[in-house]
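Please treat every number below as a calculation from the coordinates, not as lab data. What you see is a predicted model; the values in this text were computed from it and never measured. Glycine also receives a Cβ, built like all others from the backbone with ideal geometry; neighbour counts cover every protein chain displayed.
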Amino acid sequence: MKKTLLSLSTFLFVLMSYSQSSIKLIVKESDPKIIINKNIYGHFAEHLGHCIYGGFYVGDTSKIKNTNGVRNDIIEALKSLKIPILRWPGGCFADTYHWKDGIGEKSKRPSIVNTNWGNVTEDNSFGTHDFLNMCKLLDCEPYLSGNVGSGTVQELADWVQYVNFDNKSPMSDLRKKNGQQEPWGVKFWGVGNEAWGCGGNMKPEFYADKFREYTTFMNNTNKTQLFKIASGASGGDYNWTETLMKNIPVGMLDGIAMHHYAVIDWQNKSDATDFTEQQYFITMKEAWKMEEFVTKHSAILDKYDPKKKVALVVDEWGGWYDVEKGTNPGFLYQQNTMRDAMIAGITLNIFNNHADRVRLACLAQCVNVLQAVILTDKEKMILTPTYHVMEMYNVHQDAKLIPLNVSKSNYVLGKDSLQAISASASVDANGKTHISLVNIDASKEQTISIDLSSEKYKSVTGRILTSAKLQDHNSFDEENKIKPVIFKTASLKGSILTVQLPPISVVVLELK
Ligand code: AHR
């Protein structure tokens with residue numbers, strides 16, 4: 001395996017043959033120690049619009065097939081995606097959520113107002129047990145976001161004890177009374193969310209102290225060592241990261257968050273399906289900013305944590321557009337087009353290529369909200385182009401990163417230009433090499449020649465996700481307009497692999 005990696009790092013390179021759109025990908029010195037953490041492929045489910053209620057959760061009296069109220073079709077779809085981790089219950093909602101409202105007999109649970117998202121009544125019928133048992137069905141890690149903004153230190157300490165403590169204690173007794181004997185053993189904990197904004201409008205120095213205070217009382221158990229994640233910066237707010245790292249000792253935190261949404265303009269976000277190429281171009285520009293943000297936040301972390309113990313956790317990312325016409329503006333329901341497939345393709349490649357530091361990320365959000373992988377309409381459910389990209393890319397989960405050097409390739413619109421090609425590569429436990437390639441250019445094909453040199457690959461196979469128009473999407477009337485198909489324009493002759501990458505396409509190749 002090691003030999004394969006070394007020879008691959010030495011010899012694998014990619015050359016574009018057409019001068020007009022010439023591109024070269026060169027595999028850098030491969031470090032077999034860098035693993036692409038599968039949690040980079042995580043998701044986010046907030047009590048927002050129809051993500052939980054009317055999305056995941058339809059209740060156990062629903063005609064829609066369900067297990068304890070959670071839709072079976074959603075469970076199956078997310079298992080096929082190999083969902084590794086799911087963040088809950090927010091988002092902004094998390095800092096208004098009091099977990100004790102969501103346990104015990106459902107009919108006796110108090111109702112609250114979801115002040116962030118449409119001021120709708122939240123009846124707390126989906127709570128801690130529902131979420132953690134759902135994660136068991138999904139076979140994924142739960143990631144709980146604790147309430148720092150309007151909660152108390154005691155409340156969060158109690159939640160940890162309620163879900164994790166195995167011996168006798170006030171909270172484990174309460175859990176058992178509510179029907180759950182065994183602790184769930186929740187490892188991943190967010191300590192507040194967007195503390196600079198909806199999580200309390202705090203200054204970074206103040207939040208750093210809050211983090212220190214709250215985490216002091218979040219106890220490990222014999223079986224579960226907590227992974228504590230500090231509420232992080234928005235996009236390029238490097239002062240936030242710097243201040244936290246200066247004020248919180250590395251041994252006290254395991255991850256620091258960062259959020260970035262690809263938004264054209266917060267006042268004029270554009271329609272999710274009815275947009276121009278110019279608007280698409282700006283969205284891509286915003287999506288590409290993730291590269292700069294991850295690089296610069298990582299550099300700050302390197303300064304305080306050269307051993308890379310602290311993970312950069314991008315626990316909210318994705319495209320954000322105007323809500324679908326006629327839907328509640330507070331519910332953030334939007335369609336999902338090939339534009340979103342491009343965001344997913346390049347963002348996941350960025351995360352893969354920064355796997356030394358980015359070890360957890362969550363797409364916002366899983367069902368019916370923002371850049372969702374699943375949309376539902378009563379009993380119907382569809383998979384979006386973003387779902388398909390995440391499914392195609394799951395071959396990278398826990399695989400060894402093969403770093404690439406990608407030379408400049410231009411997607412030109414008017415006087416502006418952007419990097420057209422994004423790529424990442426890895427080798428899995430069975431020795432299969434996967435290369436994921438994205439061409440965001442709206443009209444230009446790229447022909448890529450990959451020199452595998454002395455490698456003895458016998459075959460190349462692959463799948464492609466593409467469509468004629470940027471605005472193309474799956475709908476409840478046409479569920480499978482966009483889905484991955486066999487990729488036929490990759491050919492291996494000796495050591496040369498030739499790939500023709502159509503405009504707006506995502507391709508994942510497998511070399512054996
Ligand atoms: O994902 C929607 C919202 O975006 C989240 O609740 C919040 O954290 C962010 O501002």
Fill in: Per residue convex hull volume, Cα atoms of the chain, in Å³
144 Å³
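In deg cm²/dmol, rounded to 500, what helix-only [θ] at 222 nm does the chain give when every DSSP H run of at least 4 residues adds -39500 (n - 2.57) and the total is split over its residues?
Working: 10 runs with 127 residues, N = 512.
Computed mean residue ellipticity for the chain: -8000 deg cm²/dmol.
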Response to the item:
Relative contact order as a percentage, the chain, C-alpha pairs under 8 Å and 6+ apart, gives 18 percent
Discussion item. Only four residue types carry charge here, +1 at the Cβ of Lys and Arg and -1 at the Cβ of Asp and Glu. Report the dipole size of region 310-390 about the Cα centre in Debye, rounded to the nearest 20.
Written reply: 80 debye
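Please arrange Ser145, Ser125 by how many other C-beta atoms lie within 10 Å of their C-beta, fewest to most.
Numbers: Ser145 28, Ser125 16.
By the 10 Å Cβ count, ascending: Ser125, Ser145.
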Worksheet, complete the sentence: Between Glu445 and Asn247, Cβ-based FRET efficiency (R0 56 Å, step 0.05) works out to 0.65
Worksheet item: Using alpha-carbon positions, what is the distance between the centroids of region 375-443 and region 118-141, in Å?
Response: 30 Å
Fill in: Sorted by Cβ density within 10 Å, fewest first, the residues Phe227, Phe93, Phe351, Phe217
Phe217, Phe227, Phe93, Phe351
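If you take every DSSP beta bridge fully contained in the chain, what fraction is antiparallel? Give it as a percent rounded to 5. Let's see the in-between values first.
Details: 62 of 95 bridges.
Restricted to the chain, the bridges split so that about 65 percent are antiparallel.
Counting only pairs 8 or more places apart or on different chains, how many lysine pairs in region 131-237 have C-alpha atoms closer than 15 Å? Don't jump to the answer; show the numbers that get you there.
Values: Lys136/Lys187; Lys168/Lys176; Lys168/Lys177; Lys168/Lys223; Lys187/Lys223; Lys187/Lys228; Lys210/Lys228.
Within region 131-237, the lysine pair count is 7.
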Item to complete: Could you list, by residue number, the cysteines of the chain that have no other cysteine's beta carbon within less than 4.7 Å of their beta carbon?
Response: Cys51, Cys135, Cys140, Cys362, Cys366
Fill in: Whichever aspartates and glutamates have a C-alpha closer than 19 Å to that of Lys269, once near sequence neighbours (fewer than 8 apart) are set aside
Glu277, Glu286, Glu316, Asp322, Glu324, Asp340, Asp472
Fill in: Whole-Å distance, taken between Cα centres, linking region 462-512 and region 29-96
26 Å
Worksheet, complete the sentence: Cross-link reach from Lys325 to aspartates and glutamates, straight Cα distance under 14 Å and at least 8 residues apart if same chain, gives Asp271, Asp274
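Can you quote the Å³ per residue value for the convex hull of the Cα atoms in region 371-512, rounded to an integer?
Working: hull volume 19.0 nm³, N = 142.
Spelled out: Cα convex hull of region 371-512, divided by residues, is 134 Å³.
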Item to complete: Sort Trp317, Trp184, Trp266 so that the residue with the fewest other Cβ atoms within 10 Å of its own Cβ comes first and the one with the most comes last.
Response: Trp266, Trp184, Trp317
Fill in: Lys/Arg +1, Asp/Glu -1 at C-beta; region 201-279 dipole; positive extreme among Asn222, Asn239, Phe211
Asn222
Worksheet item: Can you give the Kirkwood hydrodynamic radius of region 243-360 from its Cα pairs, in Å with one decimal?
Response: 15.7 Å
Worksheet item: So, with +1 on the Cβ of K and R and -1 on the Cβ of D and E, and no other charges, what is the size of the charge dipole of the chain about its Cα centre, to the nearest 20 debye?
Response: 1580 debye
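Using the crude model of +1 on Lys and Arg Cβ and -1 on Asp and Glu Cβ, and no other charge, please compute the dipole size for region 123-225 relative to its Cα centre, in debye to 20. Before the final figure, lay out the partial values.
Values: 10 positive and 13 negative charges, 51 e Å.
Roughly 240 debye for region 123-225.
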Worksheet item: Along the positive direction of the dipole of region 338-440 (beta-carbon charges: Lys, Arg +1; Asp, Glu -1; about the Cα centre), which of Ile346, Asn405, Met390 reaches farthest?
Response: Asn405
